[in-house]
Every structure is written in C-alpha cells, then in structure tokens.
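Nothing in this text is a laboratory measurement; each read-out follows from the coordinates by a stated rule. Since this is a predicted model, take the numbers as computed values, not measurements. Virtual Cβ from ideal backbone geometry, glycine too; neighbours counted across all protein chains shown.
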Amino acid sequence: MRIRFEAASVSPQTVNQSVELNRRSLLTSIAVAASSLWSGRPLRAESNDEAAGESSASSRSDRQTRVKSVVEIKGTIEVKVAKAGTLSKTPIESTTNLEYEEVVRMRSASGERFAVQMYSQAECANDIQKYVTTTKLRDECKTIVKLIGAQSRSIQCLDNPLTAAERDLVQCPISSIFLDSLRPATSVKIGDQWQVKGNALANLLNIAKVTNGELTVRLFDADSKIGQLEVSGEVEGEVHDVKTSMKIDGKGRLDRSSGMISWVAVSMQETRQVGEIEPGFDVTARIRILRESIDNLSQTVDLDSLQKRVESDQSSELTRVLSRLGAYQFVADRGWTLYSDSGVDASLRWVQKNYTFAQCTITNLTDTEPGTQLSIAGYQSDIQKSMGKQLGQMLEATEKVTATGLRMMRVVSVGAVNQVPMQWIHILVSNDAGRHLSIVFTMNAASADRFDSQDLQIADTLEFTLRQLPTAPTKPSEKPEEKPSETAGLKKPSSLIK
C-alpha cells in the first residue's frame with residue numbers, strides 16, 4: 001500500500017492537508033459444501049514467476065469484469081522532521097472505496113498486461129489526529145489505462161497527467177489485474193497448496209519487486225461451482241527503492257464456471273521504512289475485493305487504439321501538482337513531490353532512486369497594481385541582495401511569455417554554500433492582474449546536467465487558479481478565528497528569495 005505525503009509539514013495540524021493514501025486489497029470467502037476432489041475445467045498457471053501457461057496475447061480473449069474494493073487502514077505513519085533530523089510518528093486511519101469496470105488484455109507470454117479501468121467511484125478519506133481529508137478522482141480522469149509488466153509500470157489518464165494522490169488512489173494494495181495469479185496451475189484436490197512468488201507476486205501486491213518470501217494458497221473446500229482458498233505468507237520487497245515487509249492472511253473464492261478469482265478478503269500488516277518520497281508506516285489493512293464477469297462495458301473501448309496511444313503518450317511520466325492553498329497548478333516530471341504547502345510557501349523535492357537531486361521553493365508574493373511588472377534588472381538586483389556572499393555569478397537572465405500566457409523572468413546563477421558548489425535557478429511568474437509567484441530551484445552543481453530543463457517544464461505549464469480564503473482547522477474547544485483577507489501572509493514582491 002502507499003501512504004504519501006503530498007504536502008506534509010511538521011505540524012500535525014497541516015499533516016492532514018498533505019497525506020494521500022492508496023492501498024492494496026484481498027477478497028473474502030463464502031463457505032460451501034465439501035467436495036473431495038478439485039476436478040473439471042483445468043485452470044491455466046498464473047501463479048509462478050513468469051505466468052506459465054499463457055502462450056500469447058492472442059491465446060486468450062480480453063477479460064471484462066466489474067470490480068468493487070474496500071480498503072480500511074489503521075496504524076501510524078513516520079515522517080522526517082527536516083530541521084530536527086528526527087522522525088515524527090502520527091496515528092492514522094483511512095478508508096478507500098473503488099468501483100470500476102475493467103478490461104484486461106494479456107500482451108505477452110512474460111505476463112505483461114494492458115488494462116483499461118473506468119471508474120464510477122474512487123474516493124479515499126484519511127483521518128489523521130481527527131483531521132479528515134478526502135481525495136477523489138477528477139471527472140476528467142475517470143478512465144485510467146495501465147500497462148504493467150516485469151520491465152514496465154505505466155499508470156495514466158491519457159492527455160491529462162494524474163496528481164500523485166490520484167495515481168496512488170487507483171493502485172489498490174491487491175491488483176485486480178493480477179488477481180488470477182492466486183489460481184492453481186493444474187487440477188488440485190482439497191488440501192493441496194501452491195505458491196505465488198517473484199514478478200507475479202510483485203504485480204499482485206502492486207510493489208516494484210519482491211526480494212524475499214512468497215504467498216501460499218491452499219484449497220480448503222470446494223463444490224461443483226466454487227473453490228474456497230486460504231492465502232497466507234510473509235513478503236519482503238521494495239517500493240521506490242525503499243524496503244517494505246508484509247504479513248498477509250486471508251481467504252478467496254474461485255468461480256469454476258468463469259475460471260477467475262471472484263472474491264478475496266485479507267488482513268495485511270505492512271511496515272515500510274521512511275523514504276525521500278513517501279513516509280514510513282506501520283499499519284494493518286483490511287482489504288476486500290469483489291469481482292464479476294460482464295458481457296458488455298458501459299462504454300465502448302477500443303483497446304487497439306488505446307494501446308497505440310499509451311506507447312506515444314508521455315503523461316505517465318508526468319504528474320500534475322495542484323496547490324489549492326496557493327491557488328496555482330502545473331505539470332512536472334513524476335520525480336517531483338510536493339513536500340509541504342502552507343499556501344504562502346510550498347516546498348518540492350526532485351527524487352530519483354530515493355536520492356534528492358534538487359529542491360524547489362514556491363512563494364506567493366503580495367499582489368501589485370494591475371498592469372505593473374518588475375523589470376529584469378530589478379529582479380536580478382533583488383536576487384543579488386537576497387543571496388549575499390553565497391552568490392558567485394549570474395550565468396544568464398531571460399524573460400518570455402509562457403505557454404499559459406504568463407510573463408516569466410528566469411535567472412541562472414552559481415555560487416557556494418559551505419564551500420560546496422551550488423546552482424540556483426530563480427523564476428518570477430506574473431500576470432497582468434498583479435499576481436506574482438517566485439520559484440527557486442536549488443541543486444548541487446554536479447546535479448545540474450541531470451536536472452536538465454525541469455524548471456522550464458514547471459514554469460511553462462504553471463497556471464494561476466481561483467483563490468480560496470484560507471481557513472485553519474478548528475478544534476471543538478477553540479473559537480473560530482476571523483477569516484483573513486485573500487492576500488494575508490503573502491510576501492512583498494521585493495522579498496523574492498527566502
């Protein structure tokens with residue numbers, strides 16, 4: 001499962017703005033009369049490393065199902081307190097509800113699958129120290145396409161990059177796409193058991209890889225229609241290069257007429273280390289999935305066309321960052337994570353393989369009179385004053401109109417902090433209505449080539465959105481404060497650098 005801080009600050013009062021969760025799932029069973037042998041329709045193997053028995057994409061018809069899953073989580077999360085260099089633990093409870101139609105196509109004998117999921121419900125409610133936040137899938141992102149295999153894991157809404165929270169929301173801790181990995185490879189009798197491991201297990205659990213352990217599935221009861229399964233095991237693996245361990249115990253039901261796993265219910269205990277992108281956690285999840293075959297989808301889906309679009313569309317590599325408090329949004333490389341957001345200041349990190357290569361600070365500045373703009377020379381002067389002795393030299397200073405119609409000034413400079421060579425990119429984005437946003441990228445000089453043009457991707461797609469009056473959460477014992485003005489707390493345009 002994933003527990004993400006999209007905009008977490010040290011204060012528990014602001015943690016609720018930032019935590020986004022996405023979970024894994026299992027299905028529960030229904031007891032039926034016993035049968036001594038598992039006989040009849042043979043079931044193809046999908047429970048080994050390479051999904052043995054699946055000969056080609058054309059050897060199976062596309063599977064259409066209706067899926068409903070519920071994930072309930074309770075435990076604690078751990079985040080790094082940046083200034084103190086310590087870990088802070090916070091209790092959390094979460095409930096995720098997903099309902100969707102799914103069509104899955106086998107792409108290769110190695111087990112790669114292409115799937116389209118059309119959501120009628122996708123919602124997660126998080127309760128962190130009694131502060132409740134809700135994440136929902138946007139209406140324009142209700143159709144999700146997924147391409148999952150040993151070497152690929154693409155999850156996207158075509159032509160509309162998902163937010164990190166939305167991407168996590170549609171990744172259940174148990175993947176319905178790979179749920180049939182729990183089936184036996186051959187005919188079995190009551191009491192027989194088999195294992196799920198390797199890539200098949202990683203795909204089932206929605207994690208990057210399994211480093212140790214397996215799931216054991218046992219047929220404990222059966223009749224002519226239903227096979228009752230027990231699922232258990234301990235698994236160690238990695239997500240975003242962070243170690244995680246899981247203990248899984250549950251039951252499932254195999255529908256013999258359709259040959260698919262139709263229901264599972266599982267208890268999953270997971271402990272994950274703190275990473276650069278996500279918090280650590282120690283939680284217990286109750287996961288339930290119900291699945292049924294359907295003859296027709298509610299809307300027409302052209303899988304061939306969608307597969308071609310997925311291969312050329314770049315939205316899977318991008319993420320939409322939406323600051324409701326700061327009233328702006330932009331599209332960035334998926335390596336960027338919104339770490340904190342007060343509405344005035346926001347902090348992001350660009351992380352690759354669990355290492356932070358660059359940081360970004362976004363500051364909302366006080367509005368100026370409509371039509372007034374700061375000159376590029378004045379902007380350079382402000383930067384020079386703010387950086388002081390850290391500044392070595394300014395390498396370039398440019399201005400342009402962005403793709404969204406905003407004025408952008410950009411200054412690249414180098415210098416040193418504690419004798420470590422550094423590079424900064426300062427950007428000021430403004431509109432004719434007087435809104436100004438300062439964006440500062442900071443990186444080690446050695447990371448500059450790897451950073452490439454990340455700043456231009458963000459600045460060129462940035463849009464101002466409608467401001468909302470900031471309101472602080474109020475505890476029952478406190479009196480509500482007066483609502484501040486729209487520009488309360490914003491920094492003056494001359495204070496461009498923190």
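Across the range 316-464, C-alpha contacts under 8 Å between residues 6 or more apart give a mean separation that, scaled by the residue count, equals a relative contact order of 24 percent. Counted by neighbouring Cβ atoms within 10 Å, the residues H436, H240, H426 run from fewest to most as H240, H436, H426.
Ordering L137, T163, I148 by Cα displacement along the dipole of the range 122-241 toward the positive end leaves I148 in first place; charges were set at the Cβ atoms of Lys, Arg (+1) and Asp, Glu (-1). Checking the cross-link pairs K136/K247; K89/K130; K209/K353 against a 18 Å limit on the alpha carbon distance flags K136/K247 as lying beyond it.
Please arrange R105, R334 by counting, for each residue, the other beta carbons lying within 10 Å of its beta carbon, fewest first.
R334, R105
For the peptides 351-362, 265-276, what is the packing order when you average, over each peptide's residues, the other Cβ atoms within 10 Å and list the highest mean first?
265-276, 351-362
Peptides 337-344, 230-237 ranked from most to least packed by the mean count of surrounding Cβ atoms within 10 Å: 337-344, 230-237. Lys and Arg at +1, Asp and Glu at -1: add these up for the other residues within a Cβ distance under 10 Å of V231 and post the number. Here the charged neighbours net out to 0. Distances between placed amide hydrogens fall under 5 Å for H240 paired with A208, all partners being 5 or more residues away or on another chain.
With a cut-off of 14 Å between beta carbons, the residues surrounding D304 carry a summed charge of +1, where Lys and Arg count +1 and Asp and Glu -1. Sorted fewest first by neighbouring Cβ atoms within 10 angstrom, D223, D460 come out as D223, D460.
My understanding is that a pair violates if its Cα-Cα distance is over 26 Å; which of K80/K197; K189/K225; K251/K308 do that in this structure?
Table pairs above 26 Å Cα-Cα are K80/K197; K251/K308.
Normalised by 2.2 N^0.38 Å, where N counts its residues, the alpha-carbon radius of gyration of the range 339-388 equals 1.54. For G275, the amide hydrogen comes within under 5 Å of the amide hydrogens of G280, counting only partners 5 or more places away or on other chains and with H modelled in the peptide plane.
Here the Karplus curve 6.51 cos²θ - 1.76 cosθ + 1.60, taken at θ = phi - 60°, turns the phi angles of the range 455-463 into couplings of 5, 5, 4, 6, 5, 6, 9, 5, 10 Hz, with x standing for Gly and Pro.
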